[in-house]
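Everything on this sheet refers to the single structure shown next.
The values are calculated or read from the model by the stated rules, or taken from the named source; none is laboratory data. Given the structure is predicted, the values throughout are model-derived calculations rather than measurements. Note: ideal-geometry Cβ built from the backbone for every residue, glycine included; neighbour counts use all protein chains shown. These accessible areas exclude ligands, DNA and RNA; they are computed on the full protein's heavy atoms, side chains included. Shrake-Rupley method; radii C 1.70, N 1.55, O 1.52, S 1.80 Å.
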Amino acid sequence: MALRWNITISSSTAASLVFPQVFFPSENPRTAIIASLATYGVGYIARPIGAFVLGHWGDTHGRKNVLILCMFLMGISTLLVGLLPTYSQVGILAPILLVVLRLIQGFAVAGEISGASSMVLEHAPIGRRGFFASFTLQGVQAGQILAAAVFLPLAHFMPDDAFNSWGWRVPFLLSFVVIVAGWIIRREVEETPAFQKEEARQSVPRSPVIEAIQTSWPDMIRVICMALMNTIPVVATVFGAAYAVQAAYGIGFPKDVYLWIPVMGNILACVIIPMVGNLSDKIGRRLPIIVGALGSGLLAFGYLYAISIHSVPLAILMSLLMWGVVYQGYNATFPSFYPELFPTRTRVSSMAISQNIGTTITALLPALFATVAPPGSTNVPMMVGSIAFAITCIAAAAAFSARETFRVRMEDLGKPDAVPLDPQTYEHLRAEALANR
């Protein structure tokens, strides 16, 4: 997981810091920024399509196979981004090629998180599912740190002309290493016991997507709404980067200084995520998600305000609180909560489709933010923060309406009328799982 998200965060960082100059040169800085952030969002447009295709593949051919397929699609398309010609070299063909590769990336990512979450969940014992599933998202944060670790020295030590010419390409070209490492790791992973049982009973569905929509649509709608929480990382790393760094906004954070903000937030997140995952095994999934949604939505105001007053220390503090701590209530919990809402037969399809519809909606936000709060706006934190908070309220309401799943046995997951284990039995099984770790 860390390997794939190392690639993704490189795309979002470059979209904010470099792409406006390299692929969308314009006499109007506002136009260049909006076009660049919209291109970042284009990758998400392919996600629902990828979710249907790759979700079907994961439920009919296994979690391991879909993860390997996603890895190769994502790695190769990202490598090619690093080889693209610029607008000054080939004109309009440059942004067209960038859009095509972003579409392929989005298609591949659609099956990654649902396949990985399902695989980890189905391997984990009851009482520890939240803890183990949270590591898929800890990998996300670690990957973001690795990507920034490449961008930081390049942005700091290289002249702007050299960085915009070839320095930004380095993280994308390193995806070749990601492909090789990912293949070595994933080929050794065994298929999950839950999927193997489905195969042994010859009960793998022929059309898991259709079955998922027919039987699980209420929970799929809930996941769509909860997945809107992707708004917070969009505010933190995409729009926040453009707001802080792009000269048109007049803030003027140096690129290397700004990049430290998400790095430190992600370092803290790596510590917090397994703690929250473990907590969700004790108190349930819904409460951490609700608190994480509402809390991080409120803190978005403070984060953007800190940037607006040119305060690097305050921006760092607000980032640590918003993204590094509070947001992890949601981020650490959804990898277990989402797949627990669906049965094994259609788990990957149900989660992939619903989650990627939600994240696709949020991918349009950077361009929306730049449109409603363009360079020259006088109250960017209030305008952008209000939109972000309203969206996190929707996510919190969806979590509140969902049933609790942490004490439901694997074979009963996805059944709306499933009876959870009584607390004493659950704690006994959890104690056994902890003793055998």
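This table checks each residue for (1) buried (at least 24 other Cβ atoms within 10 Å of the Cβ); (2) over 30 Å from K197 (Cβ atoms).
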{"site": "P313", "(1), (2)": "no, yes"}
{"site": "L317", "(1), (2)": "no, yes"}
{"site": "W323", "(1), (2)": "yes, yes"}
{"site": "V326", "(1), (2)": "no, yes"}
{"site": "F334", "(1), (2)": "yes, no"}
{"site": "F337", "(1), (2)": "yes, no"}
{"site": "E340", "(1), (2)": "yes, no"}
{"site": "R347", "(1), (2)": "yes, no"}
{"site": "S350", "(1), (2)": "yes, no"}
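Yes or no: L137 open to solvent by 40 Å² or more (accessible area, probe 1.4 Å) and within 24 Å of G50 (Cβ to Cβ)?
Values: open to solvent by 40 Å² or more (accessible area, probe 1.4 Å): no; within 24 Å of G50 (Cβ to Cβ): yes.
No.
Among all residue pairs at least 6 apart or on different chains, which show Cβ distances below 7 Å where the first residue, located in region 374-397, is farther than 19 Å from N230 by Cα and in contact (Cβ under 8 Å) with a residue 24 or more places away in the chain and the second is part of a helix (DSSP H, G or I) and open to solvent by less than 20 Å² (accessible area, probe 1.4 Å)?
Close Cβ pairs (under 7 Å, with a partner that is part of a helix (DSSP H, G or I) and open to solvent by less than 20 Å² (accessible area, probe 1.4 Å)) amount to V380/Y243; V380/L304.
Hey, does region 372-382 have a residue that's assigned to a helix (DSSP H, G or I), open to solvent by less than 10 Å² (accessible area, probe 1.4 Å) and either closer than 29 Å to A402 by Cα or among the aromatic types (F, W, Y) (or both)? Full working, then the answer.
Going through region 372-382, the residues assigned to a helix (DSSP H, G or I) turn out to be 372, 380-382.
Next, only the ones that are open to solvent by less than 10 Å² (accessible area, probe 1.4 Å) stay: 380.
This time we only want the ones that are either closer than 29 Å to A402 by Cα or among the aromatic types (F, W, Y) (or both), so: none.
No, the conditions are met nowhere in region 372-382.
State yes or no: is I387 touching a Pro at 6+ places or on another chain (Cβ under 8 Å) and not charged (D, E, K, R)? Write out each step before concluding.
On the way: touching a Pro at 6+ places or on another chain (Cβ under 8 Å): no; not charged (D, E, K, R): yes.
For I387, the condition - touching a Pro at 6+ places or on another chain (Cβ under 8 Å) and not charged (D, E, K, R) - is not met.
If you check F131, F52, which single one turns out to be surrounded by 24 or more Cβ atoms within 10 Å (Cβ to Cβ) and among the aromatic types (F, W, Y)? Please lay out each step first, then the result.
Numbers: F52 fails: surrounded by 24 or more Cβ atoms within 10 Å (Cβ to Cβ).
Exactly one of F131, F52 is surrounded by 24 or more Cβ atoms within 10 Å (Cβ to Cβ) and among the aromatic types (F, W, Y), namely F131.
If V419 meets every condition in (1) open to solvent by less than 60 Å² (accessible area, probe 1.4 Å); (2) of a type in the set (A, V, I, L, M, F, W, C); (3) not in a helix (DSSP H, G or I) apart from one, which number is that one?
Tallying (1) open to solvent by less than 60 Å² (accessible area, probe 1.4 Å); (2) of a type in the set (A, V, I, L, M, F, W, C); (3) not in a helix (DSSP H, G or I), V419 fails exactly one: (1).
Among the candidates G284, G252, which residue alone is at positive phi and surrounded by fewer than 18 Cβ atoms within 10 Å (Cβ to Cβ)? First the steps, then the outcome.
Values: G284 fails: surrounded by fewer than 18 Cβ atoms within 10 Å (Cβ to Cβ).
After applying the criteria, what remains is G252.
Step by step: first the residues of region 309-353, then only those that are part of a helix (DSSP H, G or I) and of a type in the set (F, W, Y), then the one that is modelled with the lowest pLDDT. Which residue is that?
At the first step, the residues of region 309-353 found to be part of a helix (DSSP H, G or I) are 312-326, 328-331, 334-340, 344-353.
Then drop every residue that is not of a type in the set (F, W, Y), which leaves 323, 330, 334, 337-338.
Details: W323: 86, Y330: 97, F334: 97, F337: 98, Y338: 98.
For region 309-353, the residue satisfying everything is W323.
Going by the conditions given, is I96 more than 19 Å from S165 (Cα to Cα) and either at pLDDT 70 or above or surrounded by fewer than 20 Cβ atoms within 10 Å (Cβ to Cβ) (or both)?
Details: more than 19 Å from S165 (Cα to Cα): no; either at pLDDT 70 or above or surrounded by fewer than 20 Cβ atoms within 10 Å (Cβ to Cβ) (or both): yes.
Here the answer is no, as I96 does not meet what is asked.
So N356 clears everything in (1) open to solvent by 10 Å² or more (accessible area, probe 1.4 Å); (2) in a helix (DSSP H, G or I) except one condition, right? Which one?
So the condition that N356 fails would be (1).
One residue is enough: does region 102-110 have a residue meeting the conditions over 25 Å from E340 (Cα atoms), surrounded by fewer than 22 Cβ atoms within 10 Å (Cβ to Cβ) and modelled with pLDDT of 75 or more? Write out each step before concluding.
Filtering region 102-110 down to residues over 25 Å from E340 (Cα atoms) leaves 102-105.
Going one step further and asking which of them are surrounded by fewer than 22 Cβ atoms within 10 Å (Cβ to Cβ), we end up with 103-104.
From what is left, the residues that are modelled with pLDDT of 75 or more are 103-104.
Yes, that holds for at least one residue.
Kindly provide the set of residues from region 386-411 that are surrounded by fewer than 16 Cβ atoms within 10 Å (Cβ to Cβ) and farther than 30 Å from V235 by Cβ, ordered by number.
Scanning region 386-411 gives R409, E411.
Is it true that T86 is over 30 Å from R409 (Cβ atoms), modelled with pLDDT under 85 and open to solvent by less than 10 Å² (accessible area, probe 1.4 Å)?
no
Specify which of the listed residues (A227, A248, A244) is part of a helix (DSSP H, G or I), small (G, A, S) and touching a Pro at 6+ places or on another chain (Cβ under 6 Å). Give the derivation first.
Numbers: A227 fails: touching a Pro at 6+ places or on another chain (Cβ under 6 Å); A244 fails: touching a Pro at 6+ places or on another chain (Cβ under 6 Å).
Residue meeting the stated conditions: A248.
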